[in-house]
Amino acid sequence: MHGTALSGWLLVAVCAATGAYCVMRLRSDCARARSSAGGEALMGFGMAAMAVPAAIATPPSWIFAAYAGVFGAAALRAGWLARAHGNGGGHHLHHVIGSLAMVYMALSMSTPGGHAHGDHTGPASGIPLVTGALLVYYVGYVLTTGVRLLPVAGPAGDGGARGWGARPELTLACRLSMGIAMLAMLLAL
């Protein structure tokens, strides 16, 4: 990824912490939550690996093909789960888009220039169409997820003791963090 080493390491830390929390969510009693947590853990750790500053650790040339393969398989799995859940598979569709965005970034990073933009000159320069579409999608995703985190007045009470893996507000916060990290990665592409 392009950008400063500090921003790269901050992305690594946020994405790795999010991935670690999602691994904790794999212990949920709900099979649907476990399947979502597994995809999110893969995304968090994959984003952390891709965000490592190139000045610190130059990745081998084959790593981008490996990223594309892993996230291509994750997109197929998420698509299968979205199809199996029907109208309730909306979050799995988000995983499809996220996984395909990771494939796109891996392939973009594997080009000789290391980014999707190439050497544009003249009026055709600017953000490529796919990058722009992904930026628009993730801005919308971050805004809607952020709004869902706003407190809503409800009945008083503690709602019972819940473990760290069963806290919907933490799940939303992790999803928001990964959405913001994806925006940062797309902007740095």
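A short reminder: the numbers here are calculations on the coordinates, not readings from a lab. Not measured: the values here are computed from a predicted model. Cβ atoms come from the backbone with ideal geometry, glycine included; neighbour counts cover every protein chain shown.
Comparing Cα centroids, the range 133-153 and the range 46-111 end up 21 angstrom apart. Residues VAL152, VAL139, VAL52 in ascending order of nearby Cβ atoms (within 10 Å, fewest first): VAL152, VAL139, VAL52.
For GLY19, what is the net charge nearby, where nearby means another residue's Cβ is under 13 Å from its Cβ and Lys, Arg count +1, Asp, Glu -1? Summing Lys/Arg as +1 and Asp/Glu as -1 gives +1. Of the residues PHE45, PHE71, the one with the fewest other Cβ atoms within 10 Å heads the list, and the complete ranking is PHE45, PHE71.
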